[in-house]
1. It is to be established whether one or more residues within segment 54-73 are assigned to a strand (DSSP E or B) and under 30 Å from D167 (Cα atoms).
2. Considering only segment 168-182, state which residues are aliphatic (A, V, I, L, M) and in contact (Cβ under 8 Å) with a residue 60 or more places away in the chain.
3. Given the condition surrounded by fewer than 15 Cβ atoms within 10 Å (Cβ to Cβ), in contact with a Leu (Cβ under 8 Å, 6 or more places away or on another chain) and assigned to a helix (DSSP H, G or I), answer yes or no: does some residue in segment 18-28 qualify?
4. Name the residues in segment 45-74 that are aliphatic (A, V, I, L, M) and within 21 Å of A188 (Cα to Cα), would you?
5. Among the residues of segment 99-134, which ones are open to solvent by less than 10 Å² (accessible area, probe 1.4 Å) and within 23 Å of N184 (Cα to Cα)?
6. Could you list all residues from segment 96-112 that are more than 9 Å from the ligand (Cβ to nearest atom) and modelled with pLDDT under 95?
7. Inspect all residues belonging to segment 134-141 and state whether any of them is within 30 Å of L168 (Cα to Cα) and within 13 Å of the ligand (Cβ to nearest atom).
8. For segment 53-86, name all the residues that are surrounded by 12 or more Cβ atoms within 10 Å (Cβ to Cβ), under 25 Å from Q181 (Cβ atoms), away from the ligand (no atom under 13 Å from the Cβ) and not β-branched (V, I, T).
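The values are calculated or read from the model by the stated rules, or taken from the named source; none is laboratory data. Small disclaimer: the values here were computed from a predicted structure and weren't measured. Cβ sites come from the backbone with ideal geometry, for glycine too, and all protein chains shown count toward neighbours. Ligands, DNA and RNA are excluded from the accessible area calculation, which covers all protein heavy atoms including side chains. Shrake-Rupley method; radii C 1.70, N 1.55, O 1.52, S 1.80 Å.
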Amino acid sequence: MGYNIAIDGPAGAGKSTIAKLAAKELSFIYVDTGAMYRTIALALLRAKIDIADVHAVEALLSEISVSIRYIDGEQRVFLGTEDVSALIRTEEVGNMASKAAALEPVRAKLLSLQRGLAEENDVVMDGRDIGTNILPNAELKIYLTASVDTRADRRYKEHLAKGETCDLEEIKRDIEQRDFQDMNRAIAPLCQAEDAVYLDSSDMTIEQVVKAITERARRAEA
Ligand code: DC
């Protein structure tokens, strides 16, 4: 069993940036579980499947494979043999991922992949249900959040930095809708695990948040 750090929190809280840096500092591997849901969402969008049609969703899930590989230390996510790591980073895919993630067969497909990685490696794994459901015995659990305005602003700037046009108010609405969906679904909703450390990053720098996590991990390991 590896040493497991679980980081959960809402969209745009900075989980992937923080988890990636913390993993690097601790020489752990970083596992982005959102990327796995996004990959399934991409497959659903490409196949134009209505997610209310459970049979069609199940048929697609039985045909596709989602896997991750580490290339030069970076997590890459594959749909079959195709590296879709860049293609899944759109708001359309993110919104579909949030809807698809409410479906039991979708979650079931990814559960063993995620637990297997944590069993074999020291991981920093981020998502929505890692501390509560996937890795309930994780050595360290973090619930990372920030205000809706801060999260929307961060997403907006990410898109602008990539040269994409976007609307701040629309991003804010999307984030609020995704928060609602992710927190209110019947299966493995986003919530803070009882034993998770609560971190609000609204007024913290990236370095401060990474330090708060790595110092706790080192203390727990000692
Ligand atoms: O972290 P992200 O924005 O890439 O995640 C996309 C969606 O996937 C998110 O809105 C909810 C879902 N998700 C989930 O339900 N459980 C996880 N462990 C990770 C992501």
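1. Step one: list which residues in segment 54-73 are assigned to a strand (DSSP E or B), which gives 66-71.
When the remaining residues are screened for being under 30 Å from D167 (Cα atoms), the result is none.
No - not one qualifying residue is present in segment 54-73.
2. Start the filter on segment 168-182 by keeping residues that are aliphatic (A, V, I, L, M), which leaves 168, 171, 175.
Matches in segment 168-182: I171, I175.
3. Scanning segment 18-28 turns up no residue that is surrounded by fewer than 15 Cβ atoms within 10 Å (Cβ to Cβ), in contact with a Leu (Cβ under 8 Å, 6 or more places away or on another chain) and assigned to a helix (DSSP H, G or I).
4. Step one: list which residues in segment 45-74 are aliphatic (A, V, I, L, M), which gives 45, 47, 49, 51-52, 54, 56-57, 59-61, 64, 66, 68, 71.
I51, A52, V54, V57, L61, V66, listed by residue number.
5. Of all residues in segment 99-134, those open to solvent by less than 10 Å² (accessible area, probe 1.4 Å) come to 100-101, 106, 110, 114, 118, 123-127, 129-131, 134.
Hits for segment 99-134 are A100, A101, V106, L110, Q114, M125, D126, G127, D129, I130, G131, I134.
6. S112
7. Here is the first cut: in segment 134-141, the ones within 30 Å of L168 (Cα to Cα) are none.
Looking through segment 134-141, none of the residues is within 30 Å of L168 (Cα to Cα) and within 13 Å of the ligand (Cβ to nearest atom).
8. A56, E58, A59, L60, L61, L79
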